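The values are calculated or read from the model by the stated rules, or taken from the named source; none is laboratory data. In this text the structure is predicted, and so the values were computed from the model without any measurement. Every residue, glycine among them, receives a Cβ derived from its backbone with ideal geometry; neighbour counts consider all protein chains shown. Remember, those area values only see protein heavy atoms, side chains included, never the ligands or the DNA or RNA. Shrake-Rupley method; radii C 1.70, N 1.55, O 1.52, S 1.80 Å.
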Amino acid sequence: MNASNINSLIADASATNMRVALELLFSPHANPVFGASKAVEHEVAAFNALKQLGYLTQSPDEFELVEKLRVTKAKARTLLYQAALREAGDANAGKQELRNILINPLLACDGDIYLIEVPHPLTMDRLRHRIRQLGHLSDGSFSGNVARIKRSALTDLIESLIPQEERAEVVTRLRGKGYQGIDFRSVVQAFLKKAGAKVAGEVGDEVAGNVGESISALFERTWGRLINA
């Protein structure tokens, strides 16, 4: 990002967007008094202002920040984390974030392991914490932007994110698509098993190898496409 970029943003911005961007930029100076805010508060303010002006997308990932802001990957992750912390709402908002990555994730499969891309570091921490709460191991397999989750853990995660009163409807819908099981957990397990087999089938036997050998063969799909298949 350079002076030319900034000048173009200002020239092209609407009056409304400029007002909002200025409010975002100046807000740290009044919290609590001028000059008292830490540098990170001004960085987050500038980050939000750049989203308001359209220079950054509304949900940028690390690479976008590295490319457009010319920062290191570590700096990009820190900025995303700090911005997300300030936007964090109640527990329901955190649950919705996890639902969102399961509704439309980048998915790959390696046996009974499901690989899901989680672009935002705070969401990854939330996912890791919930997996632990459900009694499953979350260690180095949750590294970078990719979570490696066993089928049993993914089943428990999905169950924990669907309200009790909605589970019967989910079971009915999945049974209507041919998935068999005696309860919510077993029906979801059947769905995940078929979904994983479908992904593996499209990349052939290469997926049968170890993770390192399988990376180039991983086929990306979305849960939406798998559910509707």
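Please tell me if Gln82 is outside the structural domain of His120 (by the TED database) and not in a helix (DSSP H, G or I).
Here the answer is no, as Gln82 does not meet what is asked.
Quick one: in the stretch 9-18, which of the residues that are open to solvent by less than 60 Å² (accessible area, probe 1.4 Å) and either of a type in the set (Phe, Trp, Tyr) or assigned to a helix (DSSP H, G or I) (or both) is farthest from Thr57 (Cα to Cα)?
The initial filter retains those residues of the stretch 9-18 that are open to solvent by less than 60 Å² (accessible area, probe 1.4 Å), namely 9, 13-14, 17-18.
Among the residues that remain, those that are also either of a type in the set (Phe, Trp, Tyr) or assigned to a helix (DSSP H, G or I) (or both) are: 9, 17-18.
On the way: Leu9: 13, Asn17: 14, Met18: 16 Å.
The qualifying residue farthest from Thr57 (Cα to Cα) is Met18.
Can you find a residue in the stretch 35-46 that is more than 15 Å from Pro119 (Cβ to Cβ), assigned to a loop (DSSP other than H, G, I, E, B), open to solvent by 70 Å² or more (accessible area, probe 1.4 Å) and not aliphatic (A, V, I, L, M)? Show your work before the answer.
As a first pass, look at the stretch 35-46 and keep what is more than 15 Å from Pro119 (Cβ to Cβ): 35-46.
From what is left, the residues that are assigned to a loop (DSSP other than H, G, I, E, B) are 35-38.
Among the residues that remain, those that are also open to solvent by 70 Å² or more (accessible area, probe 1.4 Å) are: 38.
From what is left, the residues that are not aliphatic (A, V, I, L, M) are 38.
Checking the stretch 35-46: at least one residue is more than 15 Å from Pro119 (Cβ to Cβ), assigned to a loop (DSSP other than H, G, I, E, B), open to solvent by 70 Å² or more (accessible area, probe 1.4 Å) and not aliphatic (A, V, I, L, M).
Scan the stretch 118-132 for residues that are touching a residue at least 24 places away in the same chain (Cβ under 8 Å) and either farther than 19 Å from Leu79 by Cβ or in the same structural domain as Leu79 (by the TED database) (or both) and jot them down.
Leu127, Arg130, Ile131
Return the residues of the stretch 70-85 that are touching a residue at least 12 places away in the same chain (Cβ under 8 Å) and over 19 Å from Arg126 (Cα atoms); say none if nothing qualifies.
Arg70, the sole residue that qualifies.
Considering (1) open to solvent by less than 60 Å² (accessible area, probe 1.4 Å); (2) modelled with pLDDT under 80, say which one Ala21 fails and leave the rest.
Tallying (1) open to solvent by less than 60 Å² (accessible area, probe 1.4 Å); (2) modelled with pLDDT under 80, Ala21 fails exactly one: (2).
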